[in-house]
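The values are calculated or read from the model by the stated rules, or taken from the named source; none is laboratory data. Predicted model only: the values in this text are computed from it and were never measured. Cβ placement follows ideal geometry from the backbone for every residue including glycine, while neighbour counts extend to all protein chains displayed.
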Amino acid sequence: MNRPTPESFVVRPRVDHEGTELEGDMLEVSMGPQHPSTHGVFRMDVVLDGETVVKLKPVFGYLHRNHEKIAEGTSYLGSMPYTDRLDYFCSLTNNWAYALAVERLAGLQVPERAEYIRVITAELTRLQNHVGLCGFLLQDMGALGTPLMWAFRQREKVLDLFESLTGARMMCNYMRFGGCRCDLPAGWLEQARTVVADFPAFLREFETLLSGNEILMARTQGVGRLSPELAVAGSVTGPMLRASGVDYDVRKVDRYGIYDRFEFRVPLGDHGDVYDRYMIRVLEMHESLAILRQALKGIPGGPVIDPKAKLRGFRPKPGESYGRIEGPKGELGFYLVSDGGPNPYRYRIRPPSFINLTLLEDMCLGRSIADAVIILGSVDIVLGEVDR
Amino acid sequence: MIGIGIAKGLVQTARNLLGTYTDKDRLPTIEYPEERQALTEATRQFPFLVHDGDDPAKGLRCVACQICEKECPPKCIYIVKSRDKRVDYKGQMQFYPATFDIDYSVCMSCQICVEVCPFESIKMDTEFEFSTADRFRGLLFDKHRLAKSDAHYHRIHPTDAAESDAVMAAERAKAEAKAKADAEAKAKAAAAKLAPTPAASPEAQMEAPKPGSDTPTMPM
């Protein structure tokens, strides 16, 4: 066990205003796993010098469900509902990443309509994830109630869309290898267009409420800085990496699906602090709306699933594949090895929240314990994905 | 000037507060037990077994092929196949489930059993109020509690039920055509028996689709 002990800390001599040396003890605080600001069952072993974080060790695994090993014993299709439960905010993007990996393994072609549906549902997922994150981040800063409830009011509208399409609000289990499970119900596109048309008004309102708020700026600007070099070295992805100013978006880099057909920009931050991470998400929502408007305009008719796709007795040929997409939290990848059997020989996930979390200590050192809470909030983790 | 951002935010909050009196969109909550949200057609909660006719014991569509038991990701379905067979809707002899249990406390409502079922017999219900004081038996549903009528299925998922009916009608027509063709072949064979060269036995083709096999005859 590598737990910090009081002897292992270097106690810096401190002076009070008269110049006399003060002596103090470090305090080890175990934040979590039931702490409300840790977004689930996550624990931070924080060593405090007064209120300043001297050392921080993330402890996780409380929500470990053995997903990867279970998937090696379940059929390819049987793992699809489990991917919903990885990052339960964004089940549709999880479905897509997994379906992409299996499609590459089995050589299935996704029909055009299904590609459009995937883009639409993925961008809606990004909207509801980011809007939820902004609400929770402000909740962490002490803005209890209002921002979170406003965010959730808007998020519910997107979840209503998911419910009428997939039958579940969060555990969608919608994508299938070679397409989607079912076609859009009647009137769904109009409903989606209304939600997309109403969203900018909400974003304006949200930004009026918060983005220029002096308290928010004082709490977030310059807090939890992450340099681009460190972010790249730590293989951080997603909005966190872009907030540090690195232009890397899998939608642009890989152009998976049909993302090359849409015009959108990738917002980048300057400082890599918590405020930038918050603003990146707000700006990304605007870009998602732009993609959604184009996709909802251009969606063609036709089948939603590859006729070669098989539900029962699905056995891809031996080989390996890696499917990655730009999830709302970062690059989400599934690595699969097939030995020709009905279940994968190896199944591995590249979870963005887990990898983004590894630099938590570097961002928190030297900040106060209250800042550590909002830095963690700005990383945007879901423990279902961190622990798997 | 410091404070302008806060003042703007407060104006926004005040507008929202006043808006709740005029704009219905600003009041998104409902008083749940008294007031209920209309469920969408795609809503899924837990699986149930469809039965035709009035008697759930006789009309279950399930032929105990155990595909759903095998495919269920959390393995919450338990099926024991019957020893004898009975006539199904196509007029063929089929097994039926002697035991069919679903543990709702384990089920994760993923709908995979519904998708893989080739016999249109397991579907998703929209019922969700199952709270019970008995955590073991209370949520273990046997086939008597799971059986619900086709009319119920038509009420909760009209589009899907119509599709199921179409699939079943096509299957029945196919089975009838096959039976007719078989009867004709039999007659022909009987006629050919008089001739010295014996024709291949048509009975071999009459076999009902093998339950439990990985390649069922009915398309999804």
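Couple of notes before you dig in:
- Residue match in the range B:25-48 (condition: touching a residue at least 40 places away in the same chain (Cβ under 8 Å) and more than 13 Å from chain A (Cβ to nearest Cβ)): yes
- Residue in the range B:112-126 that is modelled with pLDDT under 85 and either of a type in the set (Ser, Thr, Tyr) or surrounded by fewer than 16 Cβ atoms within 10 Å (Cβ to Cβ) (or both) present: no
- A single member of A:Leu124, A:Leu105 is touching a Ser or Thr at 6+ places or on another chain (Cβ under 7 Å) and either part of a helix (DSSP H, G or I) or of a type in the set (Gly, Ala, Ser) (or both), and it is A:Leu105.
- Residue in the range A:296-309 that is β-branched (Val, Ile, Thr) and either modelled with pLDDT of 90 or more or surrounded by fewer than 18 Cβ atoms within 10 Å (Cβ to Cβ) (or both) present: no
- Being touching a Lys or Arg at 6+ places or on another chain (Cβ under 7 Å), within 14 Å of chain A (Cβ to nearest Cβ) and under 24 Å from B:Leu39 (Cβ atoms) holds for only one residue in B:Ser121, B:Ser109, and it is B:Ser109.
- For the range A:32-80, a residue qualifies if it is β-branched (Val, Ile, Thr) and within 14 Å of another protein chain (Cβ to nearest Cβ), and the qualifying residues are A:Ile70, A:Thr74.
- Number of the condition not met by B:Thr132 [criteria: (1) surrounded by 16 or more Cβ atoms within 10 Å (Cβ to Cβ); (2) in contact with a Leu (Cβ under 7 Å, 6 or more places away or on another chain); (3) among the polar types (S, T, N, Q); (4) farther than 21 Å from A:Leu77 by Cα]: (1)
- Evaluated against (1) buried (at least 24 other Cβ atoms within 10 Å of the Cβ); (2) farther than 22 Å from A:Pro352 by Cβ, A:Glu205 falls short on exactly one condition, (1).
- Residue within the range B:121-128 that is without any contact (Cβ under 8 Å) to a residue 40 or more places away in the chain and under 21 Å from B:Asp54 (Cβ atoms) present: no
- Those strands (runs of 3 or more DSSP E) of the range B:17-130 in which at least 2 residues are over 20 Å from A:Ser164 (Cβ atoms), considering only elements entirely within it, cover B:47-51, B:77-81, B:97-103.
- Taken over the range B:49-73, the residue count meeting the criterion of being touching a Gly at 6+ places or on another chain (Cβ under 9 Å) and within 11 Å of chain A (Cβ to nearest Cβ) is 6.
- Within the range A:84-97, residues that are of a type in the set (Val, Ile, Thr) reach partners that are buried (at least 24 other Cβ atoms within 10 Å of the Cβ) with beta carbons closer than 8 Å, at six or more positions or on different chains, in the pairs A:Thr93/A:Asp87; A:Thr93/A:Ala122; A:Thr93/A:Thr125; A:Thr93/A:Arg126; A:Thr93/A:Ile325; A:Thr93/A:Gly327; A:Thr93/A:Pro328; A:Thr93/A:Leu332.
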